[in-house]
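*Asks:* There's a structure below that I have some questions on.
The values are calculated or read from the model by the stated rules, or taken from the named source; none is laboratory data. These numbers come from a predicted model, not from an experiment. As a convention, Cβ positions derive from the backbone with ideal geometry for all residues, glycine included, and neighbour counts pool all protein chains shown.
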Amino acid sequence: MESEADIFYRELPKVELHAHLNGSVSFQTIDKLLRRKPHLNIEHSMTAIDRGQRRTLDECFQVFKVIHQLVESEEDILMVATDVIKEFAADGVKYLELRSTPREEKNTGLTKNRYVETVLKSIQQCKEEEVDIDVRFLVSIDRRNGPQVAMETVKLAEDFMLSSDGLVVGLDLSGDPMVGHGRDLIPALQRAKNCGLKMSLHLSEVPSQLEESDLLLNLPPDRIGHGTFLHPEVGGSASLVDKVVKNNIPLELCLTSNLKGQTVPCYSKHHFKYWYQLGHPSVICTDDKGVFSTDLSQEYQLAASTFGLSREAVWKLSQQAIDYSFAPDAMKQQLRQKWVDLQPQVFK
Ligand code: 5GP
């Protein structure tokens, strides 16, 4: 049964700015995919990390490979994206920025273009069904695929930004942080910036990326994913923090993901504390709600219980996230109004 606190966090209107599509696939949707593809011999334990379990970052990336085997056709993508959007809506998320790496699959004839079109179709269908959530899309560059693919991905994102009626708003840089160097991706990222794509970059997710983070911060990005090792207390540097602060770049922070992926030792040592105490724009996000068996309500509740946040402080966090989204100004205004309208019900 839901406690009074559970109800508060679920009813709290929320903004999700860091959600990878294939990492967000729920247990129920994985079940449907497993039934479609019994020949793959995949089990639930291979697609999610349960409560109390932890994995190395490398093992987390293996999980994505398994999920990719299950999601390989337009039909799969349409189902997965639609389910993910509806689940976020049911969790009280009013604005969602979904991100995903366009893939081509020889087996099914899927192309990168069709991949993006299919995600956009699911967003449109949810809108037509009046699901209570606004969704925008970020095209992901997987750093493992190198500079040429990164440039092609930017061009793809640029085309969709111009033709998707505002649904594609920007670009994400993600993928295994141990592979490749951000330096090689600068030309692609610079092009993205020049053509008006908003940019969220995974930065300093692992230690010893000071040089790369410094280079990428010079772009500068519009938001930072994780930024776990930016600050001096964990081997980062004052000059990196300075760049983030001077450019007022919001951070997308994912507590459970970082704990389960073992980049932070425990919740109380999560870098949320450092940035929140600094008064720097920080947004609570899920990263991969399916893989890490969480949802955004739980993440807010976790941040509040770990760092002693009052309900008013939690409300402010969720409300400020609107400002850091890549939504157009008119939509931000509508969302702010929604928060005003919902406040009496949430604090009843
Ligand atoms: P997809 O892009 O296929 O929808 O979502 C899964 C992909 O997102 C992964 O293969 C990986 O490239 C990226 N991803 C998901 N979670 C993380 C994370 O915590 N860190 C990084 N760097 N990339 C991630």
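*Asks:* Being surrounded by 13 or more Cβ atoms within 10 Å (Cβ to Cβ) and touching a residue at least 40 places away in the same chain (Cβ under 8 Å) is the filter; apply it to the stretch 335-348 and report the residue that is nearest to LEU12 (Cα to Cα).
*Replies:* That would be VAL346.
*Asks:* Being under 21 Å from SER297 (Cα atoms) and touching a helix residue (DSSP H, G or I) at 6+ places or on another chain (Cβ under 6 Å) narrows it down to one residue among LEU17, LEU70, LEU98, LEU33; which is it?
*Replies:* One residue alone meets the criteria, LEU98.
*Asks:* Looking at the stretch 262-283 only, could you name the residues that are over 15 Å from HIS202 (Cα atoms), within 16 Å of the ligand (Cβ to nearest atom) and aliphatic (A, V, I, L, M)?
*Replies:* VAL264
*Asks:* Checking LYS112 against (1) more than 15 Å from LEU78 (Cβ to Cβ); (2) without any contact (Cβ under 8 Å) to a residue 24 or more places away in the chain, which test does it fail?
*Replies:* (2)
*Asks:* Given the condition of a type outside the set (Lys, Arg), surrounded by fewer than 18 Cβ atoms within 10 Å (Cβ to Cβ) and more than 15 Å from the ligand (Cβ to nearest atom), answer yes or no: does some residue in the stretch 170-185 qualify?
*Replies:* Scanning the stretch 170-185 turns up at least one residue that is of a type outside the set (Lys, Arg), surrounded by fewer than 18 Cβ atoms within 10 Å (Cβ to Cβ) and more than 15 Å from the ligand (Cβ to nearest atom).
*Asks:* Moving on to the next point. Say we look at the stretch 134-160 and pick out the residues that are aliphatic (A, V, I, L, M) and surrounded by fewer than 21 Cβ atoms within 10 Å (Cβ to Cβ); which of these is farthest from LEU173 (Cα to Cα)?
*Replies:* Among those residues, the one meeting the criterion is LEU156.
*Asks:* Please pick out the residue among ASP83, ASP132 that is closer than 21 Å to ASP295 by Cα, touching a residue at least 40 places away in the same chain (Cβ under 8 Å), more than 15 Å from the ligand (Cβ to nearest atom) and acidic (Asp, Glu).
*Replies:* Answer to the check: ASP132.
*Asks:* Does the stretch 295-315 contain at least one residue that is within 12 Å of the ligand (Cβ to nearest atom), closer than 29 Å to SER100 by Cβ and touching an Asp or Glu at 6+ places or on another chain (Cβ under 6 Å)?
*Replies:* No.
*Asks:* Let me ask something else about it. What single numbered condition from (1) over 20 Å from the mean Cα position of the chain (by Cα); (2) within 16 Å of the ligand (Cβ to nearest atom) fails to hold for VAL116?
*Replies:* So VAL116 meets the others, but not (1).
*Asks:* Ok, one more. Which members of the stretch 189-208 meet the condition of being over 16 Å from the mean Cα position of the chain (by Cα) and either more than 16 Å from the ligand (Cβ to nearest atom) or surrounded by fewer than 22 Cβ atoms within 10 Å (Cβ to Cβ) (or both)?
*Replies:* The answer is GLN190, ARG191, ALA192, LYS193, ASN194, CYS195, GLY196, LEU197, VAL206, PRO207, SER208.
*Asks:* Quick one: how many residues across the stretch 182-216 are charged (D, E, K, R) and either under 13 Å from LEU240 (Cβ atoms) or at pLDDT below 95 (or both)?
*Replies:* So the count comes out to 3.
*Asks:* Of (1) surrounded by fewer than 16 Cβ atoms within 10 Å (Cβ to Cβ); (2) among the hydroxyl-bearing types (Ser, Thr, Tyr); (3) within 14 Å of the ligand (Cβ to nearest atom), SER45 satisfies all except one. Which?
*Replies:* (3)
*Asks:* Inspect all residues belonging to the stretch 50-59 and state whether any of them is under 18 Å from GLU299 (Cα atoms) and either within 14 Å of the ligand (Cβ to nearest atom) or hydroxyl-bearing (Ser, Thr, Tyr) (or both).
*Replies:* yes
*Asks:* OK, next. Among the numbered conditions (1) away from the ligand (no atom under 12 Å from the Cβ); (2) at pLDDT 95 or above; (3) surrounded by fewer than 19 Cβ atoms within 10 Å (Cβ to Cβ); (4) outside any helix (DSSP H, G or I), tell me where LEU96 comes up short.
*Replies:* (3)
*Asks:* Considering only the stretch 225-261, how many residues are within 16 Å of the ligand (Cβ to nearest atom) and closer than 26 Å to ILE322 by Cβ?
*Replies:* So the count comes out to 13.
*Asks:* Considering only the stretch 226-239, state which residues are out of contact with any Cys (no Cβ under 9 Å at 6 or more places or on another chain) and either in a loop (DSSP other than H, G, I, E, B) or on the phi > 0 side of the Ramachandran plot (or both).
*Replies:* The answer is GLY227, THR228, PHE229, LEU230, HIS231, GLY235, GLY236, SER237.
*Asks:* Of all the residues that make up the stretch 47-67, how many are in contact (Cβ under 8 Å) with a residue 60 or more places away in the chain, in a helix (DSSP H, G or I) and closer than 16 Å to MET178 by Cβ?
*Replies:* Within the stretch 47-67, residues that are in contact (Cβ under 8 Å) with a residue 60 or more places away in the chain, in a helix (DSSP H, G or I) and closer than 16 Å to MET178 by Cβ number 6.
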